[in-house]
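Q: What follows is a single structure, and I will ask about it in a moment.
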Amino acid sequence: MAPVQVIRATPKIVPTWSIREDEVEAEVKRLAQAIKAVSEGLEEQRKKLLAAGIAEKEAEIFSVHRMILQDPLALKKVQTRIAEERLNAEDCVQFLIGVLEKTMSGLEGNSVRSYGADISEPWRMVLAQLMSSGREALLSSEGQVVLAAAELTPHVVTFLDRDRVLAVVTETGGRFSHGAVLARSFGFPTVVGVPNLLSRLEQGMRIIVDGDKGTVQLNPDQEAVDHFLERQARRRARLERLSVHAALPAETSDGHPFSVRINVESTRDLGLSGFDPSHTDGVGLLRTEFLYMERTQFPSEEEQYRMYRRVIEGVGGRPVTIRTLDIGNDKQLPYFKTPHEVNPALGWRGIRVYLEWQDLLRVQFRAILRASADGPVRVLFPMVTSNAEVERLHVIFNEVRAQLEDQGFEVAEEIPVGIMVEVPSALITMPRILESVDFVSVGTNDLVQYLLACDRDNPWVSRLYDPYHPAVMWSLDFVAKSAAAAGKPCYVCGEMAGDYATALLLVGMGYSGVSVAQNFVAQVKFGIRESTLAEAQQLAKTVCSLDNAASIRELLEATRVKLHDGSQRASSES
Ligand code: PEP
Ligand code: MG
């Protein structure tokens, strides 16, 4: 619960929100500052071109753009809309751009157009300026806030200050989109896919976000506030009770071992208060693309090597599973523009990018292999669709290893190599792929989207994106059985593994372990420690016998309640 702060997280969507009367002046000032910044930028660009020997006439367009921004009528239009409609400056500038575009289309062939000056162009720059300064404002303003955005890209999440942002709400996106995955992993209660959210918000309005229930309350009354505080206190007490499990071994009550590793998206995760590396069995998924995202250009081999070494040190020398870069789709690096794709989830992503652009992979391999001298590392490949790809990756890996050894670098003898199981073709050919790898880890976030043909980022199909669909359960079971037959370990590192009843189900299916966001370690261990292996196996058997998601979800909910009640009884008896 906090005042809401709206940010312009995406350049594609221009947000609209209402402002109070006493905020009009500040909003008009914000507009003036944006215009000033754009004008100064235009003048600087003009001077730069002239200095570079470009003819005065060519550079004239910048002066024209500045003059357009000085048009008092256009400015008045925007200011009036801010004051009368009480809307944010971005919305009002966007409105002006619409008006100007209409005017321009009526002036086809007119001298203004032939002069090469699109009169809406400089206003687009003002809009871009306003939208980019939104993020800066968030970074520089003070006090705790709930963040609201049209869309939450992973890139934006990496900038959020964890002490200041109490929760996140967005208009678009799905529960398993990368922005949400990252926000959850950083511990922000997050609600996504709230239609027309921004138009209902006023900057600074009090808002309650309940990430467990997926609800958002605007301007809550005293009763709602009291209810929230009560729920929050109960939740904190429950988490406190569960926290004792974090330090205990991840094994069933009859001693069957299971590993609980963590997903890491930032080296900052490891320095967080409350994080104790001895509570985990290492890192089960290092999403290296997010380490790349926190930078302004590709990290060099040396920088990558140091990042990996920091992670190894951060978990006290426990195994670190380094996933090679998984860029593409919604995970974009600001300094690496990939081509526009109509269907990016099925496009140029993960290993597909660097099997073509091998320099990226070779540098990353060098850094990983060098880090292997500092502690146990494993390599994990995302978006694998066939064994042929795995074999190509092995060839490159071995070439890089031989090169490093020739150059006198120390490289560990044993570096297990595995794949993410997230594409149906890899799943179906699992028994064959298992012959070529040391382990597999199921990425359920993607596997669900590809199995069910259901975009993980799209709120319109979020109801169909169902991790408890029988197809998902049967697939998980198939991977575990295939891995057991091959004598290789298998893991799950998708979000669903963070739920304690699901983790128990995975124990029962025969998984070797899970990898979850740090803040779920205690509850996952709780679920496992409260049951016997036979109980977990019975749960898996029953789940796999069910043919509809509703019954599976019901059974898992009953399991959660049973585990919870059992532990409450035990703690009250003691
Ligand atoms: C997954 O797909 O489940 C996964 C762990 O990878 P990511 O969420 O980074 O795509
Ligand atoms: Mg994935």
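Q: Can you pull out the helices (runs of 4 or more DSSP H) entirely within region 398-493 that have at least 3 residues that are open to solvent by less than 10 Å² (accessible area, probe 1.4 Å) and over 19 Å from residue 350 (Cα atoms)? Even if it seems obvious, please write down each step before you answer.
A: Numbers: elements: 424-428, 430-433, 444-451, 470-486.
Once the helices (runs of 4 or more DSSP H) in region 398-493 are filtered for at least 3 residues that are open to solvent by less than 10 Å² (accessible area, probe 1.4 Å) and over 19 Å from residue 350 (Cα atoms), what remains is 470-486.
Q: Kindly provide the set of residues from region 13-29 that are crowded, with 19+ Cβ neighbours inside 10 Å and more than 15 Å from residue 84 (Cα to Cα), ordered by number. Even if it seems obvious, please write down each step before you answer.
A: Applying the first criterion (crowded, with 19+ Cβ neighbours inside 10 Å) to region 13-29 yields 14-17, 19, 27.
Scanning region 13-29 gives 14, 15.
Q: Within region 230-261, which residues are among the charged types (D, E, K, R) and in a strand (DSSP E or B)? Show your work before the answer.
A: Quick first cut of region 230-261, residues among the charged types (D, E, K, R) only: 230-231, 234-236, 238, 240-241, 251, 254, 261.
Of everything in region 230-261, those that are among the charged types (D, E, K, R) and in a strand (DSSP E or B) turn out to be 251, 261.
Q: Also, quick follow-up: Restricting attention to region 497-509, does a residue exist that is farther than 20 Å from residue 250 by Cβ, in a helix (DSSP H, G or I) and either in contact with a Pro (Cβ under 8 Å, 6 or more places away or on another chain) or open to solvent by less than 10 Å² (accessible area, probe 1.4 Å) (or both)? Steps first, answer last, please.
A: Our first condition is that a residue be farther than 20 Å from residue 250 by Cβ; within region 497-509, this holds for none.
So far as region 497-509 goes, no, none of its residues is farther than 20 Å from residue 250 by Cβ, in a helix (DSSP H, G or I) and either in contact with a Pro (Cβ under 8 Å, 6 or more places away or on another chain) or open to solvent by less than 10 Å² (accessible area, probe 1.4 Å) (or both).
Q: Just to be sure before I move on: is residue 27 touching a helix residue (DSSP H, G or I) at 6+ places or on another chain (Cβ under 6 Å) and in the same structural domain as residue 200 (by TED's automatic domain parsing) in the structure I sent?
A: Working: touching a helix residue (DSSP H, G or I) at 6+ places or on another chain (Cβ under 6 Å): yes; in the same structural domain as residue 200 (by TED's automatic domain parsing): yes.
Considered against the rule, which asks whether it is touching a helix residue (DSSP H, G or I) at 6+ places or on another chain (Cβ under 6 Å) and in the same structural domain as residue 200 (by TED's automatic domain parsing), residue 27 comes out as yes.
Q: Just a yes or no: is a residue in region 282-295 surrounded by fewer than 18 Cβ atoms within 10 Å (Cβ to Cβ) and either outside the structural domain of residue 353 (by TED's automatic domain parsing) or at pLDDT 90 or above (or both)? Break it down stepwise before answering.
A: So in region 282-295, the residues surrounded by fewer than 18 Cβ atoms within 10 Å (Cβ to Cβ) come out as 294-295.
Pick out the ones that are also either outside the structural domain of residue 353 (by TED's automatic domain parsing) or at pLDDT 90 or above (or both) and you get none.
Looking for residues that are surrounded by fewer than 18 Cβ atoms within 10 Å (Cβ to Cβ) and either outside the structural domain of residue 353 (by TED's automatic domain parsing) or at pLDDT 90 or above (or both), one finds none in region 282-295, hence no.
Q: All but one of (1) touching a residue at least 24 places away in the same chain (Cβ under 8 Å); (2) open to solvent by 10 Å² or more (accessible area, probe 1.4 Å); (3) in contact with a Gly (Cβ under 9 Å, 6 or more places away or on another chain) hold for residue 189; state the number of the condition that does not hold.
A: Going through the list (1) touching a residue at least 24 places away in the same chain (Cβ under 8 Å); (2) open to solvent by 10 Å² or more (accessible area, probe 1.4 Å); (3) in contact with a Gly (Cβ under 9 Å, 6 or more places away or on another chain), residue 189 breaks only (1).
Q: What pairs come up if the first residue lies in region 440-455 and is modelled with pLDDT under 95, the second is among the small types (Gly, Ala, Ser), and their beta carbons are under 7 Å apart, counting only those six or more places apart or on different chains?
A: 455/345
Q: I'm checking my understanding of the structure. Among residues of region 326-348 that are within 12 Å of ligand 2 (Cβ to nearest atom) and touching a Ser or Thr at 6+ places or on another chain (Cβ under 9 Å), which one is nearest to residue 374 (Cα to Cα)? Full working, then the answer.
A: To start, the set of residues in region 326-348 that are within 12 Å of ligand 2 (Cβ to nearest atom) comprises 326-331, 345.
Those left that are additionally touching a Ser or Thr at 6+ places or on another chain (Cβ under 9 Å): 326-328, 330-331.
Details: 326: 24, 327: 26, 328: 30, 330: 32, 331: 29 Å.
Across region 326-348, the extreme among qualifying residues is 326.
Q: Taking the options 479, 417, name whichever one is over 18 Å from the mean Cα position of the chain (by Cα), over 30 Å from residue 197 (Cβ atoms) and within 16 Å of ligand 2 (Cβ to nearest atom). Can you show your working first?
A: Working: 417 fails: within 16 Å of ligand 2 (Cβ to nearest atom).
Answer to the selection: 479.
Q: Using the structure shown, decide if residue 225 is hydrophobic (A, V, I, L, M, F, W, C) and crowded, with 16+ Cβ neighbours inside 10 Å.
A: On the way: hydrophobic (A, V, I, L, M, F, W, C): yes; crowded, with 16+ Cβ neighbours inside 10 Å: no.
So residue 225 does not fit the description; no.
Q: Every residue in region 262-294 that is part of a helix (DSSP H, G or I), out of contact with any Pro (no Cβ under 7 Å at 6 or more places or on another chain) and of a type outside the set (A, V, I, L, M, F, W, C), please.
A: Listed by number, the residues that qualify are 267, 268, 269, 271, 277, 278, 279, 288, 289.
The values are calculated or read from the model by the stated rules, or taken from the named source; none is laboratory data. Keep in mind it's a predicted model, so treat the numbers as computed, not measured. Every residue, glycine as well, gets a Cβ built from its backbone with ideal geometry; the counts of neighbours run over all protein chains shown. With ligands, DNA and RNA removed, areas are computed over all heavy atoms of the protein, side chains included. Shrake-Rupley method; radii C 1.70, N 1.55, O 1.52, S 1.80 Å.
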